[in-house]
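Each remark here refers to the structure printed beneath this line.
The values are calculated or read from the model by the stated rules, or taken from the named source; none is laboratory data. Keep in mind that this is a model prediction, so the values were computed, not measured. With ideal geometry, Cβ positions are generated from the backbone for all residues, glycine too; neighbour counts draw on all protein chains shown. Note: accessible area is taken over every heavy atom of the protein model, side chains too, but ligands, DNA and RNA are not part of it. Shrake-Rupley method; radii C 1.70, N 1.55, O 1.52, S 1.80 Å.
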Amino acid sequence: SIFSLDPIISFKKTIFFFRFWIFSLAIWYVFSLKKKELLKYLIFTFTLIFIILIIDGYIQFLTSKNIFGWPIQNTRVSSLFKDELILGSYLSRLLPLYFGMLVFTNFEKKFYKYLLFFSIFVGVETLTFLSGERVAFFFINASSLMLILTMKNYKLFRIYSILTSILLIVFLVNFYPKSADRIIDQTITQLGFEQNKKNNNNDGVNNSKTNDDDNNLNQNKYIFSIEHQNHYISSFRMFKDNIITGIGPRMFRYTCVMNKYNVWEGCSTHPHNTYVQLLSETGLIGFIFGFIIFSIILTSILKHFILKFTINKIIFDDFQLCLLSAILISIWPFVPTGGFFNNWLNIIYFFPVGFLLSSFYSKKNLKNYEN
């Protein structure tokens with residue numbers, strides 16, 4: 001922020017960023033003292049929130065309005081978030097953390113709890129699909145696959161809930177074809193494949209009339225979409241001019257309009273990718289810090305996976321794996337994301353960190369005590 005193009009604007013976002021570290025440390029402290037009480041209240045709260053969102057979301061999907069009369073956003077379910085299309089992101093990012101809490105309390109012992117939580121998982125997964133948020137749908141499936149491959153217990157719970165969700169989604173797509181427009185059709189179009197398909201379907205006469213520029217346009221492939229690609233090009237231009245410290249946090253929105261950085265439809269409040277934003281706004285200093293954290297978590301999970309299937313050695317317990325999956329999907333580099341300095345996203349980023357630190361610390365103390 002000190003080296004920002006406008007330090008005052010940058011410091012407004014970063015000077016109190018340490019509050020998220022305190023948030024994680026506070027969770028660590030409370031969880032270490034009162035595990036049962038904290039988990040009891042959090043499980044109750046998340047269960048209630050998920051049930052309300054599932055009921056309200058399906059009402060909005062089926063009637064085009066939710067319980068407050070807020071309309072569906074085109075074909076995308078937004079529920080209580082109204083015109084802010086973050087329902088899928090909210091559900092997909094919190095579900096692994098919620099699953100971890102359930103695992104810690106060994107919820108499978110009571111059948112009625114198993115049935116309740118199974119219904120919630122199916123409802124959340126299908127509602128994420130109906131929200132039309134492609135990244136969120138990827139997150140929820142990626143975290144589920146990772147847990148199925150790495151967990152010692154509770155695999156069948158996730159396998160059955162995913163299979164049930166798939167069947168329900170297939171049913172919804174057959175009876176409500178528009179529900180798949182954004183997840184499938186719009187994705188194909190934005191990547192540039194639909195244009196090629198249309199071009200290939202033209203007869204010989206029409207093809208001969210198509211000029212070279214049109215052919216080049218139809219053959220373009222984009223990184224997620226032309227808009228996302230233009231954001232990344234603008235960011236890379238900023239990074240090249242400010243390799244070490246970047247242009248400064250929160251400065252993308254102010255510099256992307258400059259001629260030397262601007263790309264057609266390439267201007268926005270942020271570049272829509274965490275690591276691209278870190279490169280452009282914080283340079284190599286911020287990017288390396290973020291990438292190291294991602295690399296440590298990814299290699300740790302891969303190490304656990306390899307040792308589990310080769311010598312049957314377990315590095316992380318199921319609770320820790322759920323927390324790691326929640327963190328991993330939030331910092332996954334190869335998807336469009338929200339702004340890195342966004343307040344609610346950072347709460348999601350740092351929420352599982354406190355539980356993970358407490359779990360690692362308790363495990364370390366236990367080993368020292370046994371030794």
Looking at R76, is it touching a Lys or Arg at 6+ places or on another chain (Cβ under 8 Å) and either at pLDDT 90 or above or open to solvent by less than 60 Å² (accessible area, probe 1.4 Å) (or both)?
yes
For segment 240-268, give me each residue that is surrounded by fewer than 24 Cβ atoms within 10 Å (Cβ to Cβ) and closer than 30 Å to L323 by Cβ.
R250
Among what's in segment 342-371 and is hydroxyl-bearing (S, T, Y) and modelled with pLDDT of 90 or more, pick the residue that is least open to solvent (accessible area, probe 1.4 Å).
S358
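Matching residues to (1) in a loop (DSSP other than H, G, I, E, B); (2) farther than 30 Å from S362 by Cβ; (3) modelled with pLDDT of 95 or more; (4) touching a helix residue (DSSP H, G or I) at 6+ places or on another chain (Cβ under 8 Å):
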position: I22; (1), (2), (3), (4): no, no, yes, no
position: L25; (1), (2), (3), (4): no, no, yes, yes
position: L38; (1), (2), (3), (4): no, no, no, yes
position: F61; (1), (2), (3), (4): no, yes, no, yes
position: G88; (1), (2), (3), (4): no, yes, no, yes
position: L94; (1), (2), (3), (4): no, no, yes, yes
position: Y98; (1), (2), (3), (4): no, no, yes, yes
Subset of segment 128-170 that is touching a residue at least 60 places away in the same chain (Cβ under 8 Å) and outside any helix (DSSP H, G or I) - its residue that is surrounded by the most Cβ atoms within 10 Å (Cβ to Cβ)
S131
Mind checking whether some residue in segment 72-84 is closer than 22 Å to F121 by Cβ, part of a helix (DSSP H, G or I) and among the hydrophobic types (A, V, I, L, M, F, W, C)?
yes
Please pick out the residue among F99, F68 that is more than 20 Å from A180 (Cα to Cα) and open to solvent by 40 Å² or more (accessible area, probe 1.4 Å).
F68
Members of segment 313-341 found to be of a type outside the set (A, V, I, L, M), open to solvent by 20 Å² or more (accessible area, probe 1.4 Å) and touching a residue at least 40 places away in the same chain (Cβ under 8 Å), listed by number
F316, D317, W332, P336, G338, F340, F341
Those residues of segment 8-20 which are buried (at least 16 other Cβ atoms within 10 Å of the Cβ) and either in contact with a Pro (Cβ under 7 Å, 6 or more places away or on another chain) or at pLDDT below 95 (or both), in sequence order:
I9, S10, F11, K13, T14
